[in-house]
Amino acid sequence: MTYVKALGVLVIAIALIMLMSYWAAGRARAALDAEAREKLLAEGVAYSFMDLPDGTVHYRLEGPENGQLVVLVHGFATPSVIWAQYFKPLTEAGYRVLAFDNYGRGLSDRPDTVYDADLFDNQLSGLLDALGVNRRVDLVGYSMGGGIVTVFAARHPERVRSMTLIAPVGLGKLSNERTEMLMRPLIGDWIIRLFGTKMFYAAAADEAKNIPNPGPLLAAVNRQLQYRGYGDALLSTMRNYPLETADSYYATVGASSIPVLAVWGEADEVVPFGHAEKLMELVPQAQLRSYSGMGHNIGVVDPELVSGLILRFLGEQQSRVTSPGAAGKPRGPLARMESRRCASCGGDATAPEIAPPASQAN
């Protein structure tokens, strides 16, 4: 009996220690409030902020005001700074470019809510509404961002002109033993609060491998870790967002006439290249460009390559003359599947010239 009592006391003591450490770890980080945002703007590390019903969103918007809008949506953990190298080529080509931090990431708010498909869909649609965007946009989504733009296109096809998906989630299993432990109630929350900062920074450092200048990316990652709620937001996303089960949304896009470009590294160990087969089944009008030896970070390792693919694809939308085929599917070049490097996806002289965006594009 004495042993049982002693064991009970020990369990209670451990539980109290875990509870206190969980609370202390959360309070140790600064709140991302109005004062913090003013300081970030003054320091020149933030661009603009927009208040939406679910929280304040940090965004960057550049390019000619009458240009066709291209919206860049980042992935699960790394903020919108991953698109830094995309602004110059896109804006110089005449496009207006919008990138923003998803809720819980970067310098956007970390609302105390469920991080599910509805939250991120409302964020994207709400931001477009608040910016007065009243015509169709070209969406580009990387990793989880690919899932976000797919959900958006499935729910709001009238607002979408085209989609580019870079190693998109939602097409198959991603979990491993480490993430399965985090999915467990209580223990997962405690692990994230106490050890999440080191875990997430290590993951970002791994993603930054082979990047010519990783300093700005790692600085932005470290900055977002300083504010309260980042780890909690990622954990809620893991538990509530369809990171592995977005088939129905892809199928809806596949039944539409929305042109789709998919870009994938064949050595991707985060979102396996094998998921591309499911994508092509669900979205038969998609063009697939894959690259051997490239991993999940293809978009940050070789932004020149990927931005070039995006520009070429957007140029196709500007010069589309083919009419919809059966069931509203596009015919001609928008319906083909191409893989690896090819004449039409490189930068050689045989590739078709990209048409500049027209100001009256819808």
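Observations on the model:
- The GluC sites (Glu not before Pro) found in region 211-302 that occupy coil by DSSP, while having at most 14 further C-beta atoms within 10 Å, are GLU269.
- Each of the peptides 259-265, 234-240 was scored by the mean count of other Cβ atoms within 10 Å over its residues; in descending order, highest first, they stand as 259-265, 234-240.
- By the Cα gyration tensor, region 206-263 has an equivalent ellipsoid whose semi-axes, rounded to whole angstrom, run 31, 20, 9 from largest to smallest.
- Shape call, region 29-156: gyration tensor on alpha carbons, a/c limit 1.5: oblate
- Over region 106-155, volume per residue of the alpha carbon convex hull, in Å³: 96
- Of all accessible heavy-atom area on region 226-288, the percent that carbon and sulfur account for (1.4 Å): 51
- Within region 26-66, the GluC sites (Glu not before Pro) that combine a DSSP coil assignment with at most 14 other C-beta atoms in a 10 angstrom radius are GLU43, GLU65.
- For region 57-183, the carbon plus sulfur part of the accessible surface works out to 46%, probe radius 1.4 Å.
- Within region 81-156, trypsin sites (Lys or Arg not before Pro) in DSSP loop having at most 10 other beta-carbon neighbours inside 10 Å: none
- On a per residue basis, region 200-288 carries 40 Å² of accessible surface, using protein heavy atoms and a 1.4 Å probe.
The values are calculated or read from the model by the stated rules, or taken from the named source; none is laboratory data. This is a predicted model, so every value here is computed, not measured. No Cβ is skipped: glycine too gets one built from the backbone with ideal geometry, and neighbour counts run over all protein chains shown. All accessible areas refer to the heavy atoms of the entire protein, side chains included, with ligands and DNA or RNA removed. Shrake-Rupley method; radii C 1.70, N 1.55, O 1.52, S 1.80 Å.
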